[in-house]
1. Mind giving me the FRET efficiency for ALA166 and ASN2? R0 is 22 Å, r the Cβ-Cβ distance, nearest 0.05 is fine.
2. In whole Hz, what ³J(HN,Hα) sequence does segment 16-21 give by Karplus (6.51, -1.76, 1.60; θ = phi - 60°), x for Gly and Pro?
3. Could you give each residue of segment 177-183 its phi-based ³J(HN,Hα) in whole Hz, using Karplus coefficients 6.51, -1.76, 1.60 with θ = phi - 60°, and x for Gly or Pro?
4. What's the lysine pair count for the chain at a Cα cut-off below 30 Å, pairs eight or more apart or interchain?
5. Write down the percent of antiparallel bridges among all DSSP beta bridges whose residues are both part of the chain, to the nearest 5.
6. Which ³J(HN,Hα) values in Hz, rounded to whole numbers, follow from the phi angles of segment 54-68 under the Karplus curve 6.51 cos²θ - 1.76 cosθ + 1.60, where θ = phi - 60° and Gly and Pro get x?
7. How high is the FRET efficiency from SER19 to ARG116, r the C-beta distance, R0 22 Å, rounded to 0.05?
8. Ratio of Rg to Rh for the chain, alpha carbon only, Kirkwood?
Amino acid sequence: MNSAIFLDRDGTINVDKGSLYRIEDFEFLPGAKEALSLLTGAGYRLVIVTNQSGVARGCYGEDDVRTLHDWLRKTLALEKIYVDGIYYCPHHPEAQVKAYRVKCGCRKPGLDLFYRAASELGLDIDRSIAVGDKARDLQICAHSACAGYLLGAGEIFLSALSALPASVRRAADLLAAAKDIIQ
Ligand SMILES: [Zn+2]
């Protein structure tokens, strides 16, 4: 079984622009590609797990999400960075688009996408690491031995009642986290 880095997308790999679905609006954060290169070079599988409630809100469609993700994989592959999987949740409990109005288990902090990725890609969650700029990206750390990095000034409390485990570290950005992971 493989160890993976579970990466959040918006605000972790690329600039969080809210309703992002156009390729021309996708902007890598400084150091993000270098970070992914370091992690892949260290033998980690790269898996992106992202909430895309813009689908549920009717801002863009799943086709747009897939087109953007195909482009992202190809763009990174040009630099020998291979993303093993990109998993997204299109739902929201208060969605405008009825088909996506569901209280699902895949929208983070839900863990379904992590478990699905682990099953499909043969990943050992307990030997993996989650990285994200929000506490909801790291909820897997509270339910497994998965390590975690909270980027930037992200709030450590998921809610008033649930804090992240002490195993979650802080890092300024994805590159700082990657350097800490591979050292
Ligand atoms: Zn979902």
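1. The calculated FRET efficiency here is 0.30.
2. 6, 10, x, 9, 9, 8
3. 5, 4, 5, 5, 5, 8, 5
4. 25
5. Numbers: 2 of 26 bridges.
So the antiparallel bridges in the chain amount to around 10 percent.
6. 3J(HN,Hα) across segment 54-68, in whole Hz: x, 5, 5, 7, x, 6, 7, x, 5, 4, 5, 4, 5, 4, 4.
7. So the FRET efficiency works out to roughly 0.35.
8. 0.94
Each reported figure results from applying straightforward, stated rules to the coordinates on display, with no laboratory input. Source: prediction; values computed, not measured. Glycine also receives a Cβ, built like all others from the backbone with ideal geometry; neighbour counts cover every protein chain displayed.
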